[in-house]
1. In the stretch 105-118, what residues are within 14 Å of the ligand (Cβ to nearest atom) and not in a strand (DSSP E or B)?
2. Given Ala164, Ala160, which one is open to solvent by less than 30 Å² (accessible area, probe 1.4 Å), assigned to a loop (DSSP other than H, G, I, E, B) and more than 11 Å from the ligand (Cβ to nearest atom)?
3. On the given criteria, is Ser270 of a type in the set (Gly, Ala, Ser), away from the ligand (no atom under 13 Å from the Cβ) and touching a residue at least 24 places away in the same chain (Cβ under 8 Å)?
4. What is the number of the single condition among (1) open to solvent by 20 Å² or more (accessible area, probe 1.4 Å); (2) part of a loop (DSSP other than H, G, I, E, B) that Asn253 does not meet?
5. If a residue must be touching a residue at least 40 places away in the same chain (Cβ under 8 Å), more than 10 Å from the ligand (Cβ to nearest atom) and under 17 Å from Ser273 (Cβ atoms), how many such residues does the stretch 91-104 contain?
6. Are any residues in the stretch 67-94 closer than 16 Å to Phe178 by Cα and not in a helix (DSSP H, G or I), and if so, which ones?
7. Which residues, taken from the stretch 119-135, are open to solvent by 40 Å² or more (accessible area, probe 1.4 Å) and either out of contact with any helix residue (DSSP H, G or I) (no Cβ under 8 Å at 6 or more places or on another chain) or not in a helix (DSSP H, G or I) (or both)?
8. Among what's in the stretch 181-213 and is assigned to a strand (DSSP E or B) and within 11 Å of the ligand (Cβ to nearest atom), pick the residue that is most open to solvent (accessible area, probe 1.4 Å).
Amino acid sequence: MVVLANPPVVDQIPLLRSPGPADYFSAIPVVDLSSPGAARAVVDACERFGFFKVVNHGVATETMDRAEAEAVRFFAQAQADKDRAGPAYPFGYGSKRIGLNGDMGWLEYILLAVDSASVSDACAVPSSAAFRNALNEYIAGVRNVATRVLEAMAEGLGIAPVDALSAMVKEQGSDQVFRVNHYPPCPALQGLGCSATGFGEHTDPQLVSVLRCNGTSGLQIALQDGARQWVSVPSDRDAFFVNVGDSLQVLTNGRFRSVKHRVVTNSLKSRVSFIYFAGPQLAQRIAPLPQLLGEGEESLYKEFTWGDYKKAAYKTRLGDNRLSPFEKF
Ligand code: GA4
């Protein structure tokens, strides 16, 4: 048998089948955040897919465009200049390596901590005032969207008070992370029917993640009905996409599912995405909300805090099931 090696440029990066037109999923739920039906629509989408698109979110197009333009300018710098903004851990610029345990993707990124509603002073990156200001304006907007989405979830689930979930991510000291990803095109694979993995399959750890991307598609989610099927999410630069994370799956005792997702690199166009990860304080207990447990219904999970989860998460590979150590059954 002849085993063909990956072309040298994508050495060590797993390849995926290139998505075709039939892989695009047009049935992604769309939630109009300004409509009275938003709460019900959010809950329905979280139960069915753990994923939905948000429109009429109130964040100005200029805010998104300015942050994107500054990100493009940052990534267009010489490699040596970008490397000076590294390493990625705990916060800063990184390239190809994801996490600490050998995962690789065809991307470069900036990982940042968010304090209250802006980039934490603990992050030296980005050093450009224009980029930092643009990100801060964007973060204030996207954080507000996350809050409203979490309130809609509580309302739709019939939980009181309505800030039962959103307060966890708004409290002083909550663990909020922000990531800017740049997936350069990978022309070496053009016409081969395969694409470089941009970001390998995983679930997000936090309550929710709110993503915005430029006009280049690449995000795929795994449908949860029966046999696993990867579908491509059509890009929409004017909307946000929301993922349910592992913590919210536990808080709802599995009623909302944390969605597996990944990014496939385009061979010709670069993709830029911003993701805001809404996590709680380290000491926050992650357990099903009592109001969601039916009579006699038990938690599916052992007791743990967000700090316990995080500590364990950094020992895992991207594609691992990070909730399995906490499952009771
Ligand atoms: C996945 C979601 C976010 O991008 C992230 C990632 C984090 C990292 O890049 O440092 C992790 C990954 C993510 C989960 C498991 C660990 C930690 C890489 C990795 C292998 C910032 C996050 O919070 O968890």
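1. The initial filter retains those residues of the stretch 105-118 that are within 14 Å of the ligand (Cβ to nearest atom), namely 105, 107-114.
Across the stretch 105-118, there are no qualifying residues.
2. On the way: Ala160 fails: open to solvent by less than 30 Å² (accessible area, probe 1.4 Å).
Within the list Ala164, Ala160, the selection yields Ala164.
3. Details: of a type in the set (Gly, Ala, Ser): yes; away from the ligand (no atom under 13 Å from the Cβ): yes; touching a residue at least 24 places away in the same chain (Cβ under 8 Å): yes.
Yes; evaluated as a whole, the condition is true for this residue.
4. (1)
5. Looking only at that region, the number is 1.
6. Once the filter is applied, which keeps residues that are closer than 16 Å to Phe178 by Cα and not in a helix (DSSP H, G or I), the stretch 67-94 yields Ala85, Gly86, Pro87, Ala88, Tyr89, Pro90, Phe91, Gly92, Tyr93, Gly94.
7. Start the filter on the stretch 119-135 by keeping residues that are open to solvent by 40 Å² or more (accessible area, probe 1.4 Å), which leaves 121-122, 124, 127-130, 132-133.
Passing the criteria: Asp121, Ala122, Ala124, Ser127, Ser128, Ala129, Arg132, Asn133.
8. Among residues in the stretch 181-213 that are assigned to a strand (DSSP E or B) and within 11 Å of the ligand (Cβ to nearest atom), the one most open to solvent (accessible area, probe 1.4 Å) is Glu201.
The values are calculated or read from the model by the stated rules, or taken from the named source; none is laboratory data. Small disclaimer: the values here were computed from a predicted structure and weren't measured. Ideal geometry is used to build each Cβ from the backbone, glycine not excepted, and the neighbour counts take in all protein chains shown. All accessible areas refer to the heavy atoms of the entire protein, side chains included, with ligands and DNA or RNA removed. Shrake-Rupley method; radii C 1.70, N 1.55, O 1.52, S 1.80 Å.
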